[in-house]
Amino acid sequence: MKRASKEQPLWRDEFSVQSATEKYVARRQFSKFLVLTSLGMFIGNIWILVRSWFAVKPSFAPQRITGSADIAVGEVTLFSYPTAEDPCILIRTSADTLVAYSQKCTHLSCAVYFAKEHGRLECPCHEGYFSVKDGSVLQGPPPRPLPRITLKRDGDAIIATGVEI
Amino acid sequence: MTRRGGLTAIDGAIALIAILLVIQMWLLTATLESYLSGHSEPILPAAIISGAIFIACAGLFVFVRRIDADVRSKDLYR
């Protein structure tokens with residue numbers, strides 16, 4: 001039977017795995033994993049950057065807005081542009097001024113409405129308010145202005161020609 | 001440096017790396033949301049900051065390895 005050395009007990013001599021050492025290596029491996037995750041997210045940011053450099057600005061076909069001729073001052077009409085899944089709101093702010101915006105709130109895509117008494121576009125979900133002049137955010141959680149629909153007048157008809165983000 | 005001191009330093013470095021990772025994760029999701037909504041202005045600054053965070057994480061990892069080598073060289077596990 002093997003005898004323990006004078007300095008160490010038998011179990012320490014014979015048992016080669018040391019728990020403190022094992023834990024120590026696990027911390028190092030974990031930190032390596034975290035750094036590799038950080039590298040992955042940095043690569044993700046670079047990928048988005050490269051994609052943005054090669055992104056093609058979309059162009060949209062002009063579309064006549066039906067019902068736009070009979071809107072009174074302070075009244076609105078709803079339409080879809082550029083696709084049926086893009087609801088928009090057209091507002092006559094004065095006798096000769098019409099503005100149109102996407103109706104999707106830039107916070108969580110709730111439908112905004114025109115609050116005539118306040119003269120602004122309001123989102124009922126989280127009380128986000130937008131300026132009717134330029135769609136900028138007046139108050140609330142929306143992070144960006146409302147996309148503006150560019151308009152063109154063709155006689156009595158109003159034509160939507162594009163989207164300004 | 002003692003073994004206990006070394007482990008404490010490593011634990012602190014790992015905690016710091018984890019915090020930086022959370023920030024970087026938020027940055028990535030915010031950048032993606034901005035890109036998908038058509039706004040490309042914050043993408044370049046976000047990529048630069050993400051790179052800086054990665055360099056900080058790599059620096060902390062080098063620190064962890066150095067502490068590890070230092071403690072091991074003192075042969076404190078006997």
Placing +1 on the Cβ of each Lys and Arg and -1 on the Cβ of each Asp and Glu in segment A:35-95, which of A:LEU39, A:THR93, A:ILE71 has its Cα farthest towards the positive end of the resulting dipole?
A:LEU39
When all C-alpha to C-alpha distances in the protein assembly as shown are sorted into bins of 10 Å, what percent of pairs does each bin hold, rounded to whole numbers?
7, 21, 19, 15, 12, 10, 7, 5, 3, 1, 0
Tally Lys/Arg at +1 and Asp/Glu at -1 over every other residue whose Cβ is under 9 Å from the Cβ of A:VAL99; what's the total?
+2
Angle check, please: helix A:19-53 long axis (alpha carbons) against the longest principal axis of chain A (alpha carbons), in degrees 0 to 90, nearest 10.
20
Provide the gained length on full extension for the span A:THR150 to A:PHE60, in nm with one decimal, where the gain is 0.36 nm per separating residue minus the Cα-Cα distance.
31.3 nm
Where nothing but the Cβ of Lys and Arg (+1) and of Asp and Glu (-1) is charged, how large is the charge dipole of chain A around its Cα centre, in debye to the nearest 20?
1180
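Excluding ligands, DNA and RNA, what is the accessible area buried between chains B and A, summed over both sides, using a 1.4 Å probe, to the nearest 100 Å²? If you can, show how the numbers build up before the last one.
Numbers: alone 5970 and 12010 Å², together 14870 Å².
Roughly 3100 Å² of accessible surface disappears when B and A pair.
Taking the Cα centre of chain B as origin, work out the dipole magnitude from +1 charges on Lys and Arg Cβ and -1 charges on Asp and Glu Cβ, in debye rounded to 20. Before the final figure, lay out the partial values.
Numbers: 7 positive and 6 negative charges, 122 e Å.
Here chain B has a charge dipole of around 580 debye.
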Looking at B:PRO45, B:ALA13, B:THR2, which one has the Cα that reaches farthest to the positive end of the dipole of segment B:1-71 (charges on Cβ: Lys, Arg +1; Asp, Glu -1)?
B:THR2
Note the angle between two axes, namely the Cα long axis of helix B:3-36 and the longest principal axis of the Cα atoms of chain B, as a number of degrees from 0 to 90, rounded to the nearest 10.
10
At a probe radius of 1.4 Å, what is the per-residue accessible area of A:PHE33, in Å² to the nearest 10?
120
Which of A:TYR113, A:TYR101 is most accessible, then next, and so on - probe 1.4 Å:
A:TYR113, A:TYR101
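Is the C-alpha gyration tensor of chain B telling us rounded, prolate or oblate? Criteria: a/c under 1.5 is rounded; beyond that, a/b larger than b/c is prolate, otherwise oblate. Spell out each step's value before the answer.
Details: a/c = 6.00, a/b = 3.67, b/c = 1.64.
Note, shape of chain B comes out prolate.
So, for segment B:1-70, what is the accessible surface per residue at a probe of 1.4 Å, expressed in square angstrom?
Working: 3830 Å² over 70 residues.
Per-residue accessible area for segment B:1-70 comes out at 55 Å².
At 1.4 Å probe size, put A:GLU164, B:GLU33 in order of accessible surface, largest to smallest.
Numbers: A:GLU164 100, B:GLU33 80 Å².
Largest accessible area first, the residues go A:GLU164, B:GLU33.
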When only the heavy atoms of the protein chains count and the probe is 1.4 Å, how do A:THR93, A:THR106 rank by accessible area, highest first?
A:THR93, A:THR106
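The values are calculated or read from the model by the stated rules, or taken from the named source; none is laboratory data. Small disclaimer: the values here were computed from a predicted structure and weren't measured. Ideal geometry is used to build each Cβ from the backbone, glycine not excepted, and the neighbour counts take in all protein chains shown. Remember, those area values only see protein heavy atoms, side chains included, never the ligands or the DNA or RNA. Shrake-Rupley method; radii C 1.70, N 1.55, O 1.52, S 1.80 Å.
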